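Q: Pasting a structure below so you can have a look.
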Amino acid sequence: MSKEVLLEIKNLHVGYKTHMGVSHVLNGVNLTVHKGERVGVIGESGSGKTTTMKSILRILPSNAIIKKGEIFYKGKNVLEMKEDELLNLRRKKISMIFQDPTSALNPLFKVGQIMLDIIKYSYKLEDEEAKEMALKALKEAALPDPERVFDSYPFQLSGGMRQRVCIALALIGDRELIIADEPTTNLDVTIKAQVLNLLTSLVREKNVGWIFVSQALGAVRENVDRVYVMYAGNIIEWGPSRKVFSNPLHPYTQKLLECVPKLTGKEFSKGIRGRIPNYFKPPSGCRFHPRCDYVLDECKKSVPEAVEVEHEHFVACNLYRR
Amino acid sequence: MRAIWKYIWKRVLYVIPTLVGLSILIFILSRVLPGDPALMAAGPNAPKWVVEQIRHQLRLDKPLWEQYYYWLVDLFHGDLGYSTYTKRSVTADVIEYLPASLQLIFMAALFEIGGALALGIIAGRYAYRLPDNIVRVIAYIGISVPSFVWGLLFQLVFASLIPLFPTHGMYSYGTVPPPRVTGFSLIDALIAGQFDTFVDILWHMVLPAFALSLGAMAQDARIIRAGMVENTEKEHVSLVRAYGIPERVIFSKYILKPSLVPAVTVMGMDIASLLGNAFMVELIFQWPGFSRYGINVMLNKDINGIVAVVLVIGILFAIANIIVDVVVAYLDPRIGRRSQ
Ligand SMILES: Nc1ncnc2c1ncn2[C@@H]1O[C@H](COP(=O)(O)OP(=O)(O)OP(=O)(O)O)[C@@H](O)[C@H]1O
Ligand SMILES: [Mg+2]
C-alpha cells in the first residue's frame, strides 16, 4: 500500500438548521484515505457517518451548514472547488453507494435512463457507447440479465438487485475512491452476504480506494486496512484494523465491540448505557463523557486531543494523555 | 402502447357504474325535494287540468322506478326529456349552451395549467426566497378570492378603466357570428374562414377565462411547489447529484417529474369543477353558456334540465378522471402496471 494521500478530512464541523434550532452534528471530524486503501468507519446509528460521507461529495441536505473544516482531495479543498472541478470530482474520481438502494433510485425512471444520463454527462458519449458502458457495469455488479435490468424500473427489481445497480453506478469508469455507506444495512439477511462479497472482491480486484461505512463490525474487521470509530460527530479512535479490533483503547470502542453478539459466548452483550447525545445541546468536552465509566473532570471541559498510543493507532481520550 | 389503451378502456368501464349511480341519485333527488315541478312549470294561475297535463307529460304520475326506466329508454334515443323552463327538448338546450361553456373552460384550463406550472416551478426553484414568497402571496389571494370577484375586478380594470378587453358577450358589436356547425364558436369561425371573428371571440374569452382559472391555478401552483421542495431533499436527488448530473437537469427532470404526479390529480379535478364555478363568471360577462342555463333550470325546478346538468357535470368529472389517470400512469410507471 502506497502512502500517497488521496482524501484528507480536517476538523470538519457540520450542523443542520431545523425549526428547533441548529443541531451541531459533526464536531471536528478528521479522516484520511490513502491511494488504494480500504478504510472502515464504524459507529452507532446517528453518529454522523452519512453526514461525513455526503460532505465529501458536497451532496448534503439543503439545511446542512458546513461551519468549519477542510476536505482535501489530492491536495485540493473540495469545499472551495469551483463548479467544474466539483463536477469532475463527482463524475470521474469519487463514487458513492447509498445506504438505502430503494430511496436512492428515482422510482419514475428506468435504471437505464439514470445510467445513460450519468454516463453521458460524465463521458460525453453517444447513446450506443454509453449503453455498452452501462451494461458492462451491470455485468460487473453480477446482475444476471443486464439488458433486462437496464430496461427495468426500480420497482421491478428486488432490493438486492437495486443495490447491485447502485454498485454498478459506482463502478462506471475508473474511480479512485468508492464510498460505500452502509451498503447492506437495508438488505434482507440472505442478500447481505452476497452483496458484501461482491463489493469486497471488486474493491480488492480494482485496487481502488474504499471507505466502508458499516455497523457490521465483523465485515469491517475482515475487509479494511484501517478503521475509524465515530461517536456523536467525532472520530474518537482510529488505526490499523487489526490493532483497533484486538486492542480497542477508547471506552466507547471497547463497549461497541462488546456489543457484538458472540456466537460462541453464553451471555448477551450488555449494550452501552445511555444514548447518543442531543445534537442541539451536545455535552461539553468529550461528547462521550455522560456515558463513560471512567469519566475524569477534564473530560467535561475540553475535547481531548488525539494520542498515538501504539504505532499508527490513535485515540482521542484523556485516559491516554501523558 | 397497447397497455395504455387497455388501461384507458378499463378506466372507462369503471366510470359507467359511477355515472349510473349518479343519475339514479339525482333523478330521485330532483323528484322528492319540495316544490311541485308541474305546478311551477304551469305558473301560479294555471287551471288544475293544465297542471295535471304537465304532470302527466313529465310522467310524474307514474311510480319512480317507471319514470327512471322510461328516462333511460329515452336517453338511449338521445332524448333527455322536455324542459319546462325552455319549453323544448333538454337535448337541444345542452347542444345549444354546452359548447360555449366548454370552450370557455378549455381556455381557462389552459391558463390554469400554464399558470400553475409556471408559478409552481418558479416557487419550487427559488423555494424560501423572494420569488417563492411572491408566488405565495399571489396564491393566497388567488385561493381566497372567489372567481366572480375577479371577474368584476377585471371587468372594471381591464375593460372599463383601461379598455384592453371587451366587457361582456362573445362577439363585438357588428361582428357576424359564424354559421353554426359544431356549436363551438371558435371552431365554427375557423370553418367559415372568418379569422377576424376567431380573434374577436378569443378576445372576449380572455377575462372570463382568466377570472375562472385563478383559484385553481393558485392551488395547483402551491401543490407543485410543495412537491418540488419535498423531492429536492430526496435521496435519489442526492444520488444523481453525486454522479455529476448538472443541477439544471436534476431540477427539470429528476425533481420536476415526481412533483407533477400529485399536481396532475388535483388539476384534473379543478378543471372539471370549472363548469360548476363558471356560473357567476358567465353571468358577469354575459357569456351564453351552460352554467347560466344550469342555474335557471334549478330555480324553475325543471327536473329534466336539472338531471341533465348534473349528469353533464358528472360526465365532465369522469372524463377528467380518466385523463388524469392516464397522465399519471404515463408519468408514474408503477401505477399503470400494478393494476394489470
Ligand atoms: N437533513 C437533516 N436535518 C436535520 N438533522 C439531520 C439531517 N440529516 C441528518 N440529521 C441528523 O444528524 C445526525 C447524524 O445523521 P447521519 O445520517 O449522519 O448518521 P449516521 O451515522 O449515518 O446514522 P445511520 O447509521 O442511522 O445511518 C442524526 O442525529 C440525524 O438525525
Ligand atoms: Mg447513515
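Q: So which residues in the stretch B:193-233 are within 14 Å of chain A (Cβ to nearest Cβ) and in contact (Cβ under 8 Å) with a residue 24 or more places away in the chain, if there are any at all?
A: Matches in the stretch B:193-233: B:GLY227, B:MET228, B:VAL229, B:GLU230, B:ASN231, B:THR232.
Q: While we're looking at this one, here's another question. Check A:LEU177 against each of (1) in contact with a Gly (Cβ under 6 Å, 6 or more places away or on another chain); (2) more than 14 Å from chain B (Cβ to nearest Cβ); (3) modelled with pLDDT of 90 or more and name the one condition it does not meet.
A: (2)
Q: Okay, next question. Please go through the stretch B:283-312 and pick out each residue that is part of a helix (DSSP H, G or I) and within 17 Å of B:ASP36 (Cβ to Cβ).
A: Matches in the stretch B:283-312: B:VAL297, B:MET298, B:LEU299, B:ILE303, B:ASN304, B:GLY305, B:ILE306, B:VAL307.
Q: Then there's this: Just checking, which of A:ILE178, A:ILE211 is touching a residue at least 24 places away in the same chain (Cβ under 8 Å), within 15 Å of ligand 1 (Cβ to nearest atom) and part of a strand (DSSP E or B)?
A: Unique residue meeting the criteria: A:ILE211.
Q: Moving to a separate point now. Consider A:ILE42 carefully, then state whether it is within 16 Å of ligand 2 (Cβ to nearest atom) and either crowded, with 21+ Cβ neighbours inside 10 Å or modelled with pLDDT under 95 (or both).
A: Here the answer is yes, as A:ILE42 does meet what is asked.
Yes/no matrix, rows are residues, columns are (1) within 14 Å of another protein chain (Cβ to nearest Cβ); (2) in contact with a helix residue (DSSP H, G or I) (Cβ under 9 Å, 6 or more places away or on another chain); (3) part of a helix (DSSP H, G or I); (4) surrounded by fewer than 22 Cβ atoms within 10 Å (Cβ to Cβ):
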position: A:ILE167; (1), (2), (3), (4): yes, yes, yes, no
position: A:THR184; (1), (2), (3), (4): no, yes, no, no
position: A:ILE191; (1), (2), (3), (4): no, yes, yes, yes
position: A:VAL195; (1), (2), (3), (4): no, yes, yes, no
position: A:GLU205; (1), (2), (3), (4): no, no, yes, yes
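Q: Can you find even one residue in the stretch B:262-276 that is within 13 Å of chain A (Cβ to nearest Cβ) and of a type outside the set (Lys, Arg)?
A: Yes, there is a match, as at least one residue in the stretch B:262-276 is within 13 Å of chain A (Cβ to nearest Cβ) and of a type outside the set (Lys, Arg).
Q: Would you mention how many residues in the stretch B:234-255 are in contact (Cβ under 8 Å) with a residue 40 or more places away in the chain and more than 10 Å from chain A (Cβ to nearest Cβ)?
A: Total meeting the criteria: 1.
Q: Right, something else. Looking only at the stretch A:227-253, how many residues end up being free of Cβ contacts under 8 Å to residues at least 60 places away in the same chain and assigned to a strand (DSSP E or B)?
A: 0
Q: Of B:GLY114, B:GLY43, B:GLY120, which residue is in the same structural domain as B:LEU214 (by TED's automatic domain parsing) and free of Cβ contacts under 8 Å to residues at least 12 places away in the same chain?
A: Result: B:GLY114 is the single residue among B:GLY114, B:GLY43, B:GLY120 that is in the same structural domain as B:LEU214 (by TED's automatic domain parsing) and free of Cβ contacts under 8 Å to residues at least 12 places away in the same chain.
Q: Does any residue of the stretch A:66-75 turn out to be touching a strand residue (DSSP E or B) at 6+ places or on another chain (Cβ under 6 Å) and within 16 Å of ligand 2 (Cβ to nearest atom)?
A: Looking for residues that are touching a strand residue (DSSP E or B) at 6+ places or on another chain (Cβ under 6 Å) and within 16 Å of ligand 2 (Cβ to nearest atom), one finds none in the stretch A:66-75, hence no.
Q: Search the stretch B:87-111 for residues being touching a residue at least 12 places away in the same chain (Cβ under 8 Å) and of a type in the set (Phe, Trp, Tyr), and hand back the single one that is surrounded by the fewest Cβ atoms within 10 Å (Cβ to Cβ).
A: B:PHE111
Q: Yes or no: A:MET81 within 14 Å of chain B (Cβ to nearest Cβ) and either without any contact (Cβ under 8 Å) to a residue 24 or more places away in the chain or away from ligand 2 (no atom under 16 Å from the Cβ) (or both)?
A: Criteria met by A:MET81.
The rows are residues; the columns are (1) more than 14 Å from every other protein chain (Cβ to nearest Cβ); (2) of a type outside the set (Gly, Ala, Ser); (3) crowded, with 21+ Cβ neighbours inside 10 Å.
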| site | (1), (2), (3) |
| --- | --- |
| B:PHE285 | yes, yes, yes |
| B:PHE290 | yes, yes, yes |
| B:GLY294 | yes, no, yes |
| B:ILE306 | yes, yes, yes |
| B:ASP325 | yes, yes, yes |
| B:TYR330 | no, yes, no |
| B:ILE335 | no, yes, no |
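Q: If A:PRO101 passes every condition in (1) under 14 Å from the mean Cα position of the chain (by Cα); (2) within 14 Å of ligand 2 (Cβ to nearest atom) but one, which one does it miss?
A: Here A:PRO101 meets the rest and fails (1).
Q: Next question, about the same structure. Return only the number of the condition from (1) part of a helix (DSSP H, G or I); (2) over 26 Å from the mean Cα position of the chain (by Cα) that B:GLY151 does not satisfy.
A: That leaves (2) as the condition not met.
Q: Regarding A:VAL25, is this residue outside any helix (DSSP H, G or I), near ligand 1 (Cβ under 9 Å from one of its atoms) and surrounded by 19 or more Cβ atoms within 10 Å (Cβ to Cβ)?
A: yes
Q: Condition check: closer than 30 Å to B:LEU316 by Cα and in contact with a strand residue (DSSP E or B) (Cβ under 7 Å, 6 or more places away or on another chain). Does B:VAL90 satisfy that?
A: yes
The values are calculated or read from the model by the stated rules, or taken from the named source; none is laboratory data. The structure presented is a predicted model; accordingly, all values stated were derived computationally and were not measured. Cβ coordinates were reconstructed from backbone atoms using ideal geometry, including for glycine residues, and neighbour counts include every protein chain displayed.
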